[in-house]
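Visitor: Input: one structure, supplied below.
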Amino acid sequence: MTISTSASPSRSAAMPVLIALSATHLLNDMMQSLIPAIYPIIKVAYGLDFGQIGLITLTFQITASLFQPLVGAYTDKNPMPYSMVAGMGFTLAGLIGLAYAGSYPLLLLSAGCVGLGSSIFHPEATRMARSASGGRHGLAQGIFQVGGQTGGALGPLLAAFIIVPRGQTSLAWFSAAALIAMMLMTWTAGRFAELQRSQPPAAKKSGATAAGAARSTAAVAFAVTILVILLFSKNAYSQSFSSFYTFYLMGKFGVSVQYSQVMLFLFLASSAAGALFGGMLGDRIGRNKIIWFSILGALPFTLVLPFADLFWTGVLTIVINVIMSSAFAAILIYAMELMPGRIGLVGGLFYGLSFGLGGVAAAMLGELADQIGIDAVYRICSFLPAIGLLAWFLPKLGTEMQGAALH
């Protein structure tokens, strides 16, 4: 069986759309990443404990996770590419709210607005990236993910050199990024509509029937459940760094806030390389192998990390994150191939679960840190990648074997 990979005008024209989507993903996730980046500031300013810090993350993540599957399911039937602009409006409102919040409840409300903006952005952008992929779904998701991962990494760096020296209100300066994102989103939506009109009807419907016809509902549900558990193991570990890594470094090694933010940036920036690597390699060798490597392959390094000195802590966290961050694109595309024709729903569900599971993990880890300390939490978290053994139960997809044959 052969999959057509012939070039077409839409294939060559799709790259500007993918780059624009990656850029908007960068700006969107950069603004989101400013929330955990300001935790050391607001912890002192508002007298918060680790449990309250975790609750801010939970509010943002749960708000994002609850709406994303609903938005995705709706836009599968009623595509709304311009809805991303409205979503960015919520992010802009939340950002300004975080800059000028005078109380803890207002911090929670503002974080929720940022989460709502994310819930509108990701499902539609995911579908657009897949449609613009020209069949190279891993590469397309890798490019899209590079933007998001890079944006997420910039938050701590911006916090270290702008927000920490100038204070909480300097968050409002990043409103300019939201406005730029709105302009990019408007252009991307228009360009995407042109690409959709240029595709023949058969191309738009391809993959929505044959790829998933032979799979029973029970088999799909079982595989998706495994993917969700794997996603939780990845996000719980990653969230321990996003929310608490700066406190871990300051408490264990006595470094400054700015130094710890730079370390957090290096950790998060490595996600971009992992995302692109995982997406591209997944097109060649299959999603199962990438999922195995990306989650379970990090285990030896996570077990050593709690006992490392400052230098090796930095090295190990980068290695761990490069390996683990290659998982998400593979998991997402695997789920899309399980449920063809439901791209928005899958994108919304898995981005939503990514935020929601991360938020739950942050709240749990925050409470645990208050009880037993940050060091003990990281020793416990070092075993989380072992859950990756469940990848053994994932079935092979016919599309993977076909894709591997092409290379």
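The values are calculated or read from the model by the stated rules, or taken from the named source; none is laboratory data. Everything numeric here is computed off the predicted structure, so don't read it as measured data. Neighbour counts run over all protein chains shown; Cβ positions are idealised from the backbone, glycine included. Areas reflect the complete protein model, heavy atoms only, side chains present, ligands, DNA and RNA absent. Shrake-Rupley method; radii C 1.70, N 1.55, O 1.52, S 1.80 Å.
Visitor: Can you compute the modelled spin-label distance between Tyr100 and Ala308, with each label point 7 Å from Cα toward Cβ, in nm?
Guide: Modelled inter-label distance: 4.3 nm.
Visitor: What list of ³J(HN,Hα) values in whole Hz, one per residue of region 298-311 in order, does the Karplus curve 6.51 cos²θ - 1.76 cosθ + 1.60 (θ = phi - 60°) give from phi, with Gly and Pro shown as x?
Guide: 7, 4, x, 6, 5, 5, 7, 3, x, 10, 8, 7, 4, 4
Visitor: Okay, next question. Return the carbon/sulfur percentage of the accessible area of region 216-294, one whole number, probe 1.4 Å, all protein chains in place. Don't skip to the answer; put the middle values down first.
Guide: Details: 1980 of 2750 Å².
Roughly 72 percent of what the probe reaches on region 216-294 is carbon or sulfur.
Visitor: Here is a follow-up. From the Cα gyration tensor of region 218-285, with a ≥ b ≥ c the square roots of its eigenvalues, which class applies: rounded if a/c is under 1.5, or else prolate if a/b is larger than b/c, or else oblate?
Guide: Taking the square roots of the gyration eigenvalues as a ≥ b ≥ c, region 218-285 is oblate.
Visitor: Of Ile333, Tyr248, Gly112, whose Cα points farthest to the positive end of the dipole of the chain (charges on the beta-carbon: +1 Lys, Arg; -1 Asp, Glu; origin at the Cα centre)?
Guide: Ile333
Visitor: Using the heavy atoms of the protein chains and a 1.4 angstrom probe, tell me the accessible area per residue for the chain in square angstrom.
Guide: Ligands and nucleic acids excluded, the result is 39 Å² per residue.
Visitor: Let me ask you something else. What value, in deg cm²/dmol to 500, does the helix sum -39500 (n - 2.57) over DSSP H runs of n ≥ 4 give at 222 nm once divided by the residues of the chain?
Guide: After summing the helix terms and dividing by the residues of the chain, the value is -26500 deg cm²/dmol.
Visitor: Same structure, new question: Using a Förster distance of 35 angstrom, determine the FRET efficiency expected from the C-beta separation of Met80 and Leu266, and round it to 0.05.
Guide: Values: r = 37 Å, r/R0 = 1.06.
Efficiency, from the Cβ-Cβ distance: 0.40.
Visitor: A further question follows. Among rounded, prolate and oblate, which fits region 46-113 when a ≥ b ≥ c are the square roots of the eigenvalues of its C-alpha gyration tensor, a/c under 1.5 means rounded, and a/b larger than b/c means prolate?
Guide: Note, shape of region 46-113 comes out oblate.
Visitor: Right, here's the next one. Let me spell out the model: positive unit charges on the Cβ of Lys and Arg, negative unit charges on the Cβ of Asp and Glu, origin at the Cα centre of the chain. What dipole size does that give, in debye rounded to 20?
Guide: About 1000 debye.
Visitor: Have a look at Leu21, Gly151, Val322 and report the one farthest towards the positive end of the charge dipole of the chain, computed about the Cα centre with Cβ charges (Lys/Arg +1, Asp/Glu -1).
Guide: Leu21
Visitor: Could I ask something else about it? Which is farthest toward the positive dipole end of the chain among Gly279, Gly54, Ile35, measuring Cα position about the Cα centre, with Cβ charges +1 (Lys, Arg) and -1 (Asp, Glu)?
Guide: Gly279
Visitor: Further, regarding this structure: Kirkwood hydrodynamic radius, the chain, all distinct C-alpha pairs: what's the number in Å? Spell out each step's value before the answer.
Guide: Working: mean 1/r = 0.0472 Å⁻¹.
Evaluated over the chain, this radius sits at 21.2 Å.
Visitor: Could you run the Karplus curve 6.51 cos²θ - 1.76 cosθ + 1.60 with θ = phi - 60° over region 280-290 and give me ³J(HN,Hα) per residue in whole Hz, x for Gly and Pro?
Guide: Result, rounded to whole Hz: 5, 5, x, 5, 8, 10, x, 6, 4, 5, 5.
Visitor: What is the distance, in nm, between label points placed 7 Å from the Cα along the Cα-to-Cβ direction at Asp49 and at Lys252?
Guide: If labels sit at Asp49 and Lys252, their model points lie 2.3 nm apart.
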